[in-house]
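Chemist: Quick one: structure below, then a few questions.
The values are calculated or read from the model by the stated rules, or taken from the named source; none is laboratory data. What you see is a predicted model; the values in this text were computed from it and never measured. Ideal geometry is used to build each Cβ from the backbone, glycine not excepted, and the neighbour counts take in all protein chains shown.
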Amino acid sequence: MNNRAWNPFRKECISKIPDRIDSPLTKLCEPGDIVLYRALGYQILGGLISDITSSPYSHCEVYAKDGWTIEAGINGVSFSDGMHGYKGGVDIFRWKGGLTEKQRQGIVEAAEKEIEDPYQYTLLLFFPYFSRKALVRRAAVHSFICSELAAYVYAKNGLNSCGNKQPDTADAPADFGLSRNLDWLGCYVEARKAGGAKRNVWSDQIQGKPNLFDKIVVALLVDPFSKKTTYYEKKAEARKALSEYRAKRP
């Protein structure tokens, strides 16, 4: 198993898969699966994303093959092996009913075409303060935040991963956690399945206590000026719909 832990500040952009990673997650994941990272309690940026969206998830990747994902990170779009050694837990999501071979191949190829494209800092920095339309107007062509990349490559293959009105957009990793179009395969800590974890629910046991500094920043600098009301309304609707869906299952 590859023991290199996820490093959000690494400088290189990995544009080719160098080798196959021997890991339980490599055996579990299929091309096109969505990988969501849970924010660790001490993480600043991850904690802010988690607190702003009221979700345990702070990062999103698309599984490619051989243990590697494709992510939009601070160094642009590249391959990543971070899910195997990550201590905060990663949740694996799969298109409900499974993808066809053509869809899996199409999703990965669409993501690979965006490798080395830049990261979209505008969406990251201004998400809490602007409406969806305002964000789209400010977005550069072919630059992504992590959740936008995943939604975009699914939409390129005719799939609405988050059930949004605009299939090729996603506000945050939380959108995938709430999506009725995706099945949850569980939470994995350092590539081993974690007991007691629940879909889209923060876990102190896995993630540690939430960051108090982040909560203060959100309370002082985000909530008083934010225009993210519609986002929370959408989340509330999605939670209700997901609950109703679960209740109807045999």
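Chemist: Taking PRO18 and the conditions (1) surrounded by fewer than 22 Cβ atoms within 10 Å (Cβ to Cβ); (2) at pLDDT 95 or above, which numbered condition does it fall short on, given that it satisfies the others?
Modeler: (2)
Chemist: While we're looking at this one, here's another question. Would you be able to say whether some residue in the stretch 43-63 is crowded, with 17+ Cβ neighbours inside 10 Å, over 14 Å from the mean Cα position of the chain (by Cα) and of a type in the set (Val, Ile, Thr)?
Modeler: yes
Chemist: Does any residue of the stretch 149-169 turn out to be under 25 Å from GLY73 (Cα atoms), modelled with pLDDT under 90 and in contact with a Phe, Trp or Tyr (Cβ under 6 Å, 6 or more places away or on another chain)?
Modeler: yes
Chemist: Which of the residues spanning the stretch 13-26 are over 18 Å from GLU114 (Cα atoms) and either part of a helix (DSSP H, G or I) or in contact with a strand residue (DSSP E or B) (Cβ under 8 Å, 6 or more places away or on another chain) (or both)?
Modeler: ILE21, PRO24, LEU25, THR26
Chemist: Okay, next question. Do you know which residues across the stretch 27-60 are assigned to a helix (DSSP H, G or I), closer than 21 Å to ARG104 by Cα and touching a residue at least 24 places away in the same chain (Cβ under 8 Å)? I'd like the intermediate steps shown before the answer.
Modeler: Start the filter on the stretch 27-60 by keeping residues that are assigned to a helix (DSSP H, G or I), which leaves 27-28, 44-53.
From what's left, closer than 21 Å to ARG104 by Cα: 27-28.
The one that is assigned to a helix (DSSP H, G or I), closer than 21 Å to ARG104 by Cα and touching a residue at least 24 places away in the same chain (Cβ under 8 Å): LEU28.
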